[in-house]
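The values are calculated or read from the model by the stated rules, or taken from the named source; none is laboratory data. Predicted model, so just to flag it, every value in this text is computed and none were measured. Note that we place each Cβ from the backbone using ideal geometry, even for glycine, and neighbour counts take in every protein chain shown.
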């Protein structure tokens, strides 16, 4: 790209920021962060920062469960889009791609742009871009050509979606970047749909791997949102839920879950009328959870004396709090 073209793009970015559009436009707000918070120059021709081989190896080790779970989703996405001028990137929560799929014929172009493993694509270093801005805004988005902050990035189009781990915390970003000059709205829609499906597959794989010993149940959709997956242990207690399941069921938005009886969470009939003839340890745990550790209330719900409940708790090495 010529110096004149970089200057024109930089001028348009600075004009938009100065106009006060940041309050109304998420894109201009990102440009403003890039310019004012991160002190980046939109006309800078410098290449992306890259990790050393040792740093890259360590970064991959830190998110090994995500990389392992992502393989089928990455392959699926590349099979759908790799032959039409796109590469697929899986980046960690710092904006560094650690896995990549791309056609050999396009590799030279993408590597020269920095769309490669080990390059740093955080908003702090690269300004507005698919991976970095997705991490900041935590939502699926597309940064198309001159929507990028840096002039040297305006030849590419990037569509990205956040990936959430088994505790519904942001784990990374799945990105599809295109080098096509004839990118149409229909093609952009195809990319978004394929990306969303692959991101969902990766999150499900990550969740299933994390709760490999639990029973995985599909949570029903609700007025709050679509359903998701929940993990139920051998005592019929919910011990994990995907981000979408948490929204649908009104659970904590992120973090490890305190166990809760599956019957209570899913509204199954007769949840409060369990009998000690059922598998006893699970019944005791659920009764304690429902009574918030109050032994007297749990004993009353089970129809036994407080002393009897204490003996059975001791037998199963369960605590009341």
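Of the numbered conditions (1) at positive phi; (2) in a helix (DSSP H, G or I), residue 67 fails exactly one; give the number of that condition.
Going through the list (1) at positive phi; (2) in a helix (DSSP H, G or I), residue 67 breaks only (1).
Hey, among the residues in the stretch 80-127 that are in a loop (DSSP other than H, G, I, E, B) and touching a strand residue (DSSP E or B) at 6+ places or on another chain (Cβ under 6 Å), which one's nearest to residue 65 (Cα to Cα)? Don't jump to the end; show me each part of the working.
Kept after step one, since they are in a loop (DSSP other than H, G, I, E, B), are these residues of the stretch 80-127: 85, 93-96, 102-103, 114-118, 120-122, 127.
Right, trim to touching a strand residue (DSSP E or B) at 6+ places or on another chain (Cβ under 6 Å) and you get 85, 93, 102, 115, 117-118.
Values: 85: 29, 93: 14, 102: 22, 115: 23, 117: 17, 118: 18 Å.
The extreme case among them is 93.
Output yes when any residue across the stretch 35-47 is surrounded by 15 or more Cβ atoms within 10 Å (Cβ to Cβ) and over 24 Å from residue 14 (Cα atoms), and no when none is.
Within the stretch 35-47, not a single residue is surrounded by 15 or more Cβ atoms within 10 Å (Cβ to Cβ) and over 24 Å from residue 14 (Cα atoms).
Select the helices (runs of 4 or more DSSP H) contained entirely in the stretch 211-321, then report the ones holding at least 1 residues which are at pLDDT below 90 and touching a strand residue (DSSP E or B) at 6+ places or on another chain (Cβ under 6 Å).
Details: elements: 243-249, 262-266, 280-290, 295-302, 306-315.
Passing ranges, in order: 243-249, 262-266, 280-290.
Condition first: free of Cβ contacts under 8 Å to residues at least 24 places away in the same chain, farther than 21 Å from residue 73 by Cα and not assigned by TED's automatic domain parsing to the domain that holds residue 161. Can you find one or more residues in the stretch 221-232 that meet it?
First, the residues of the stretch 221-232 that are free of Cβ contacts under 8 Å to residues at least 24 places away in the same chain: 223, 225-228.
Applying the additional criterion that residues be farther than 21 Å from residue 73 by Cα yields 223, 225.
The next check asks that each one be not assigned by TED's automatic domain parsing to the domain that holds residue 161; those that pass are 223, 225.
Yes, some residue in the stretch 221-232 is free of Cβ contacts under 8 Å to residues at least 24 places away in the same chain, farther than 21 Å from residue 73 by Cα and not assigned by TED's automatic domain parsing to the domain that holds residue 161.
Conditions tested, residue by residue: (1) in contact (Cβ under 8 Å) with a residue 40 or more places away in the chain; (2) assigned to a strand (DSSP E or B).
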| site | (1), (2) |
| --- | --- |
| 155 | yes, no |
| 159 | no, yes |
| 167 | yes, no |
| 171 | yes, yes |
| 177 | yes, yes |
| 182 | no, no |
| 186 | no, no |
| 189 | no, no |
| 193 | no, no |
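Going by the conditions given, is residue 183 surrounded by fewer than 17 Cβ atoms within 10 Å (Cβ to Cβ), in the same structural domain as residue 110 (by TED's automatic domain parsing) and either closer than 21 Å to residue 25 by Cα or in contact with a strand residue (DSSP E or B) (Cβ under 6 Å, 6 or more places away or on another chain) (or both)?
No; evaluated as a whole, the condition is false for this residue.
Exactly one condition in (1) within 21 Å of the chain's Cα centre (by Cα); (2) at negative phi is false for residue 151; which is it?
Condition (1) is where residue 151 drops out.
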